[in-house]
Structure formats: structure tokens, C-alpha cells
Amino acid sequence: MAADPLDALRLSVVPVDPRPEFTAALLRRINEAVTGTSEEVGNIGLVIQRALDNAEQMQAQMQARAAAIDELIASGALERHVSSQPAPQPPQGAPIAARVRGNPTVRYFVGDLDAAIEFYCQRLGFEEELRSAPAFAMLYGGGFRLLLSVPGLPGAGRPLPDGTVPAAGGSNRITLQVPDVTATIAELRAAGVRIHADVSAGVAVRQALVEDPAGNLVELYEPTAGYHERSSAP
Amino acid sequence: MSTVSVRYIVDDVDAAIAFYRDRLGFRELMHPDPAFAMLTHGDLRLVLVAPVPEGHPGGGSRPMPDGTAQRPGGWNRFMLQVEDLPAAVGELRTAGVTFRNEIVDGIGARQVMIEDPSGNPVELFEPLRAEARLAPG
């Protein structure tokens with residue numbers, strides 16, 4: 001917690017879409033560094049300049065998104081359940097009124113909470129929001145809110161009514177976009193991270209799979225020609 | 001620009017699209033191949049893929065280097081926030097959706113787990129504390 005935001009730029013994976021608070025902190029810190037001692041400027045010169053440009057772009061995107069959401073709120077469209085509002089493609093049946101705003105949330109099961117937190121924060125650039133040891137932690141990174149729960153412990157790790165205990169693993173996973181997946185995988189491999197599947201080409205992406213210490217998969221991908229990016233807000 | 005994606009392995013992409021669209025309010029972005037679809041809901045992009053053989057152009061669901069097939073299931077899941085969980089559960093039960101458990105009151109939220117047609121879990125939660133609520137924007 002409260003680490004120097006500049007540290008994020010030294011991680012193997014720089015979150016593409018961090019929280020606005022983080023972007024603002026990073027921008028502040030970079031500005032401090034640029035106007036700071038000549039020694040520090042000398043140390044990080046070009047990197048800082050590039051990062052400054054990126055951070056400003058990110059902040060502009062965040063502001064645009066916030067403005068769009070403010071508009072939606074003002075229009076009343078988000079007042080109640082999204083699905084109770086007229087939608088461009090109205091779902092049939094009895095849709096669940098899920099209201100997904102802000103950071104999408106994913107829950108991963110991990111046997112060793114501390115090891116998982118260290119992995120996601122040190123290797124993948126997540127930030128620790130809260131830790132309720134030994135059973136639960138909440139991290140933010142790559143646009144996600146990532147909940148870590150420990151199987152068999154109170155909370156989401158508790159056994160089902162039939163006694164089944166949740167477990168780590170499986171094929172489903174979060175995916176994180178990185179600018180250069182080959183370089184990222186090389187760095188992670190050097191850091192001792194287990195590579196589950198090396199870089200391969202898919203349709204419009206190059207991708208690879210790494211494992212967290214509990215064996216959960218994380219997919220890293222780099223967009224290539226023809227990559228589809230959502231063009232408008234939902 | 002949304003870069004937040006989750007990939008779920010499913011046996012039947014069409015059945016999965018119908019489930020996520022009709023039961024959970026997702027929108028279909030594209031379905032260019034029988035083994036691939038991309039849906040969206042709020043800031044979440046959900047990539048649905050069916051296992052494909054080695055050599056298939058789709059790279060996300062080929063067998064692993066050791067030959068292991070990718071498959072649906074497990075416990076890791078994405079979560080959707082709802083405003084009235086008991087009401088949501090009632091609607092989904094009426095619609096014949098499979099539940100893994102009953103509503104559980106946790107520390108920050110009450111929650112329940114449902115399954116898509118391939119058996120992948122989805123967690124629905126209703127915040128009980130401010131910290132558990134997804135911040136607007």
C-alpha cells in the first residue's frame with residue numbers, strides 16, 4: 001500500500017487501464033520527478049517523458065468516460081437496473097438486473113493468500129486494496145477488481161451445502177492486455193513465474209498463459225492486425 | 001475503450017450466448033466462428049470459446065502444450081452486482097437456471113452462484129456494505 005506509483009512503470013506488466021485515482025497519483029508523481037532534483041531526472045529521463053504522455057492520455061480517457069457516465073446518470077438511465085431500461089437489444093425472458101459499473105469483479109481461489117497477493121502485485125502490477133487475512137483480499141489491476149478467497153475458510157471459500165469445497169484452477173481466466181507479450185513473458189519467466197503456455201498466434205492477437213502460485217491461469221495478450229476494440233459505450 | 005476481458009470455456013457457444021443474453025442481460029458483440037463469441041455487459045467483456053483442436057486458427061481454446069484439453073467448470077468466476085438478490089434468484093429459478101448453492105450472507109455482500117449451460121459458475125452479489133459496492137465509473 002501507498003507505494004511509489006512510479007514503481008508501476010518498473011513492473012513486467014503495466015496495467016493498461018488503471019483506476020483514475022492511480023492515474024492521477026502517477027501523473028502527480030511524474031510531474032514531481034520531472035520538476036525535482038536533476039539526479040532523479042537524469043535517472044529516468046526518457047522513460048518519464050513517455051510515461052507522462054501515456055498518463056495524460058489515460059487521464060483524458062478516464063475523464064471522458066467519467067463525463068459520459070455523469071451524462072448517463074443525469075439522464076436517469078442508470079437510476080435503476082440497467083435491464084429495466086429500454087436497451088438497444090432488449091434481452092428476452094427474465095433478465096437479471098445486474099448493474100455492472102466501474103471495475104468488473106472476478107473471484108479467484110488461492111491456497112496461499114500472501115503468495116497470491118505478492119504475485120499479482122509484484123508481477124502483474126495489481127494494487128492491494130484490502131487484506132482480511134487469512135481468508136480474503138481485494139486487489140485492483142488491469143481494470144479489474146480481483147477478489148482472492150481461500151478454499152475452506154469463511155466467506156466465499158466455505159464448502160457448499162453438499163460439502164464440496166471450492167478449489168483453485170480450471171481453464172476460465174482473466175485476460176490482460178500488454179503491449180509486447182513476448183517481452184512480458186520473457187520477464188515473467190526470468191522472475192520465476194510458471195509459464196503455462198508460451199506465446200502463440202491466435203486470431204488478431206498473440207497470447208500466452210501464466211499461472212499464479214495457486215495454479216490459476218492468467219492470459220496475457222497483445223493485439224495484432226484486425227483486433228476488435230469496442231467502439232462505443234454499452 | 002474496454003480492455004477488461006474474461007475468457008470462459010463452454011461446450012456450446014450458441015447455448016452460452018442465449019444464456020448470458022437472455023438471463024443476464026449481456027449484449028452480443030460478435031460471433032464470427034462457431035467456437036468463438038464476444039459479449040459485453042457494462043465494462044466487462046466476456047469471451048466465450050469452445051475447445052478447438054491443435055492447428056485451429058482460434059488460439060484461446062487449443063489444447064495446452066502438454067495435450068490437456070481446456071474445459072468448462074471450476075470455481076473461479078466473474079461477479080455481477082444486483083440490487084435485489086432474492087428477486088433475481090426468484091426470476092432465475094423460474095427460468096430454470098441451475099444454482100450451485102442458496103443465498104449466502106457473507107461479510108460484505110450476500111451472494112449466490114449460478115451455472116451457465118456448460119457448468120461455469122457466475123456469482124451474483126448484492127452489497128451489504130459500501131465498500132463492496134462497485135464504485136460508479
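Within region B:77-113, count every residue that is without any contact (Cβ under 8 Å) to a residue 24 or more places away in the chain and not aromatic (Phe, Trp, Tyr). Result for region B:77-113: 17.
Just to be sure before I move on: is B:LEU92 more than 9 Å from every other protein chain (Cβ to nearest Cβ), surrounded by 17 or more Cβ atoms within 10 Å (Cβ to Cβ) and of a type outside the set (S, T, N, Q) in the structure I sent?
Details: more than 9 Å from every other protein chain (Cβ to nearest Cβ): no; surrounded by 17 or more Cβ atoms within 10 Å (Cβ to Cβ): yes; of a type outside the set (S, T, N, Q): yes.
Answer is no for this residue.
Within region A:149-159, can you find the residues that are touching a strand residue (DSSP E or B) at 6+ places or on another chain (Cβ under 9 Å) and more than 21 Å from B:LEU128 (Cβ to Cβ)? Within region A:149-159, just A:PRO151 meets the criteria. Does B:LEU29 satisfy the criteria of being touching a Ser or Thr at 6+ places or on another chain (Cβ under 6 Å) and either farther than 18 Å from A:GLY155 by Cβ or of a type outside the set (S, T, N, Q) (or both)? So B:LEU29 fits the description; yes.
Set side by side, the residues B:PRO57, B:PRO121, B:PRO72 differ, and just one is surrounded by 20 or more Cβ atoms within 10 Å (Cβ to Cβ), facing another protein chain (nearest Cβ under 8 Å) and on the phi < 0 side of the Ramachandran plot, which is B:PRO72. Remark: A:VAL218 falls outside the filter, which requires a residue to be touching an Asp or Glu at 6+ places or on another chain (Cβ under 8 Å), modelled with pLDDT under 95 and within 25 Å of B:ALA35 (Cβ to Cβ).
Only one residue in B:ARG7, B:ARG23 is closer than 16 Å to B:GLU123 by Cα, touching a Pro at 6+ places or on another chain (Cβ under 8 Å), crowded, with 21+ Cβ neighbours inside 10 Å and of a type in the set (Lys, Arg). Which one? I'd like the intermediate steps shown before the answer.
On the way: B:ARG7 fails: touching a Pro at 6+ places or on another chain (Cβ under 8 Å).
Of B:ARG7, B:ARG23, the one residue that is closer than 16 Å to B:GLU123 by Cα, touching a Pro at 6+ places or on another chain (Cβ under 8 Å), crowded, with 21+ Cβ neighbours inside 10 Å and of a type in the set (Lys, Arg) is B:ARG23.
Looking at region B:27-47, can you tell me whether even one residue there is part of a loop (DSSP other than H, G, I, E, B) and closer than 26 Å to A:GLU129 by Cβ? Taking every residue of region B:27-47 in turn, at least one turns out to be part of a loop (DSSP other than H, G, I, E, B) and closer than 26 Å to A:GLU129 by Cβ. State whether the residues of region B:31-43 include one that is closer than 20 Å to A:ALA168 by Cβ and in contact with a Phe, Trp or Tyr (Cβ under 8 Å, 6 or more places away or on another chain). No: zero hits. Here A:THR164 fits the description: at pLDDT 90 or above, surrounded by fewer than 16 Cβ atoms within 10 Å (Cβ to Cβ) and among the hydroxyl-bearing types (Ser, Thr, Tyr).
The values are calculated or read from the model by the stated rules, or taken from the named source; none is laboratory data. This is a predicted model, so every value here is computed, not measured. Neighbour counts run over all protein chains shown; Cβ positions are idealised from the backbone, glycine included.
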